[in-house]
Amino acid sequence: MENNEYRSNMRSVMEDNFSSFRDNFSDNQFWGKLKGFAARAGIKVVYAALLLYYVLKSPGTPVKDRAKIIGALGYFILPLDLLPDAIPVIGFTDDLAALVWGLYSVARNITPEVKAKAAETLHEWFGDFDDAILKGLI
């Protein structure tokens, strides 16, 4: 199987899997989980979630991309994960995988304004930190 065909097949499998989590998303659940777990999840996980959330709320985001974001964020806020969030260090690995998949699926919609809004929220929650740690995510 050629590399492009493999990627296309994997993308389809991921979209099908995450679409089942769309019903778990709501603004209140998202903010509740994110604020409650921000310190334990870490800056990168929180940044990924914020980027997706702000892209979701951007008026120019296509409906298909909104559906992908809602699926990824729905998995993120789902209380029962493949790896429970309570497990130190690895508990947010599956959440981060869902968020990263979402980010790369809708990367063309991540504008400088979205990045700035996400970074601003991070600084409100985490205080001063070197923004360079955010550069590698997307």
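Read-outs throughout are calculated quantities, based only on the coordinates presented, and are distinct from any laboratory measurement. Bear in mind the structure is a predicted one, so any value in this text is a computation, not a measurement. Neighbour counts run over all protein chains shown; Cβ positions are idealised from the backbone, glycine included.
Computed packing ranks the peptides 100-110, 31-41, 125-135 as 100-110, 31-41, 125-135, most packed first, by mean other Cβ atoms within 10 Å. Among all the lysines, which ones have a C-alpha under 18 Å from K115's C-alpha, if same-chain residues fewer than 8 places away are not counted? Straight-distance partners of K115: K44, K57, K135.
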